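Step one of this worksheet: look at the structure below.
The values are calculated or read from the model by the stated rules, or taken from the named source; none is laboratory data. It should be emphasised that the depicted structure is a prediction, and the values quoted were computed from it without experimental measurement. Please note: Cβ atoms are built from the backbone with ideal geometry, for glycine as well, and neighbour counts cover all protein chains shown. For accessibility, only protein heavy atoms count, side chains too; no ligands or nucleic acids. Shrake-Rupley method; radii C 1.70, N 1.55, O 1.52, S 1.80 Å.
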Amino acid sequence: MTRAGEGQLSLFPPDPAPDPLLCWLWLAGTLGAGSQRSGAVLDAFGGAQEAWEARDTDAFAAAAGPAAVQRACLPDNTPEHYRAFARRCAARRIRILPYDDPDYPLAFSRISDMPLVLYCTGDPRWLNEPAAVGMVGTRKPTEYGLRAAEDIGRGLARAGAIIVSGLADGLDSAGHRAAVGENCPTIAVMGVPIDRTYPAANRELRRAIERRGCVISEYPPGTRHKAEHFPVRNRLISGLSLGVVAVECARFSGTMKTIEHAMDQDRDIFAVPGNIDAPRSEGPNWLLRQGARPVTCTQDILEEYWLRFPQKLAQSAPLPPEAAQQRLEQLRS
């Protein structure tokens, strides 16, 4: 590989400075969604245009990796190649949020594998609301889990917290519906391209979320959906959140993968206790043994954040232990 520099010829002819948005689309497409190299490329070059200009250098190869170098050298992979795509997104009211956009979530800048471009429908300003709480759980919850998610979700929404989840069946949807039912914003982080809704039965719920909150994906419209996109997506649910609540899940599950991301990102971990012989409470009960904060009511979460966000969260007195235990028993019954 030839290094571009004084006295050396670049593999590429000099180009006029391309549109910054198109540069970000180029870089995101070159690295690929969920790339572990995003942080390294930003550390090395600072931005997408600088990376574009250095695409034929050893420094780019070291930061981006060999697969990205091969894509970067394809003749039809240029920023200008994305202009028609950007216009199609605008026509479909899909907002493109590159890393340097004011509405891009600041929280993602603190994770090394952040997406360099997000696709958004709805109002992206909620992505930088600080008091966000992730709520995750199984797609096949019990009645107890559904009641717990709805009760906690309503309380969080009423207090001013933003519920973040994945728009999946089961407890993800329950958290979103709790916020929508209170006419409060919520954020759905999808593991499918932004122009799809999965499951399809949640299309109406998605429209309701978009009216007050937003839906985001790192997968551009037209992308082929793959099952492995969902576990990759989970790092973004935790990345947006101050803490993540596990309502019901198996010990080894997609929900627990989200919790692992939250631990790696130094987020708070909360868990809803369940019966010791309940299979869907195996994950939360294990987390409690590892030191997760138990959640028997909304106040158990809010009291962690009231002092940090006094202007965002409505404060009420935490339940005493006896009342909290009674509330948990009511949920179980």
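Per-structure values
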quantity: Cα centre as origin, Lys/Arg/Asp/Glu Cβ charges: region 89-149 dipole, Debye; calculated: 320
quantity: Helical contribution to [θ] at 222 nm, DSSP H n ≥ 4, -39,500 (n - 2.57), averaged over the chain, rounded to 500; calculated: -11500 deg cm²/dmol
quantity: Three-way shape label, region 54-123, alpha-carbon gyration tensor, a/c 1.5; calculated: oblate
quantity: Calculated P(r) tail over 18 Å for region 27-177, as whole % of Cα pairs; calculated: 66
quantity: Heavy-atom accessible surface of region 38-196: percent carbon and sulfur, 1.4 Å; calculated: 49
quantity: Gyration tensor (alpha-carbon) shape descriptor, region 27-80, a/c threshold 1.5; calculated: rounded
quantity: Using a Förster distance of 45 Å, the FRET efficiency for ASP100-ARG289 (Cβ separation, nearest 0.05); calculated: 0.60
quantity: Dipole moment magnitude, nearest 20 debye, the chain about Cα centre, only Lys, Arg, Asp, Glu C-beta charged; calculated: 980
quantity: Accessible area of the chain divided out per residue, in Å², using a probe of 1.4 angstrom; calculated: 46
quantity: Answer label for Rg and Dmax of the Cα atoms in Å (calculated), chosen among (1) 23.7, 81; (2) 21.6, 78; (3) 18.9, 54; calculated: (2)
quantity: Rounded if a/c under 1.5, otherwise prolate or oblate - region 165-218, Cα gyration tensor axes; calculated: prolate
quantity: Calculated FRET value between ILE276 and GLU304, using beta carbons and R₀ = 35 Å, to 0.05; calculated: 0.85
quantity: Neighbour count of at most 12 Cβ within 10 Å plus DSSP loop: longest GluC sites (Glu not before Pro)-free window in the chain; calculated: 7-227
quantity: Simple label model, 7 Å out from Cα along Cβ direction - ARG125 to GLN70, nm; calculated: 4.5
quantity: Among ILE94, PRO294, GLY170 - extreme Cα towards positive end, dipole of the chain, charges at beta-carbon; calculated: GLY170
quantity: Student exercise, region 238-281 dipole from Lys, Arg, Asp, Glu Cβ charges, in Debye to nearest 20; calculated: 120
quantity: Added length on full extension, which subtracts the Cα-Cα distance from 0.36 nm per residue, ARG93 to LYS226; calculated: 45.5 nm
quantity: At most 15 other Cβ within 10 Å, DSSP loop - trypsin sites (Lys or Arg not before Pro), region 20-98; calculated: ARG92, ARG93
